[in-house]
Amino acid sequence: MTPKLPVVSSREVIAALMKAGFIDAPKRGKGSHRAFCKDDGGRVRLVIVPERKEIPKGTILSILEQAGLTKDDIIELLK
C-alpha cells in the first residue's frame, strides 16, 4: 500500500526534484512559479512548481505526473 502524501512546501518539492536530476529552467518560470527541466531519455520533462508554504495534494499529483515520478518516488526523495 502506498503511504499518504505528506503536506509539503514548494522548497521541499524543489529539493526533491533536484535530487531526481531536474535543473532550474530560469527562462520558463513566471511570477510565483518556478520551472525545472530534465532530459528523460530523449524526452525533455518540464515541471512547474508554485511557490507556496503548502502545496495542495492535487497540485503535487500534477507535479508528479509532469515529472514522471510516483508517490513512492517523491516520498523517498523527500527524506
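Taken together, the values in this text are just the output of simple stated rules run on the coordinates, not laboratory data. Note that this is a predicted model, so its numbers are computed, not measured. Because the Cβ atoms are built from the backbone with ideal geometry, glycine has one as well, and the counts that use them run over all protein chains shown.
Within region 25-45, the set of residues being surrounded by fewer than 14 Cβ atoms within 10 Å (Cβ to Cβ) and either of a type in the set (S, T, Y) or not in a loop (DSSP other than H, G, I, E, B) (or both) comprises S32, H33, D39, D40, R43, V44.
Look at region 1-24: where a residue is assigned to a strand (DSSP E or B), no partner that is of a type in the set (D, E) and exposed (fewer than 15 other Cβ atoms within 10 Å of the Cβ) sits 6+ places away or on another chain with Cβ atoms under 7 Å.
Listed conditions (1) at negative phi; (2) not in a helix (DSSP H, G or I) are all met by I63, apart from (2).
Residue count for region 36-51 satisfying the condition of being without any contact (Cβ under 8 Å) to a residue 24 or more places away in the chain and charged (D, E, K, R): 3. Residues in region 14-36 that are within 21 Å of D72 (Cα to Cα) and within 10 Å of the chain's Cα centre (by Cα): I14, A15, A16, L17, M18, A20, F22, F36.
Under the condition of being basic (K, R) and over 18 Å from R11 (Cβ atoms), the residues counted in region 61-79 number 1.
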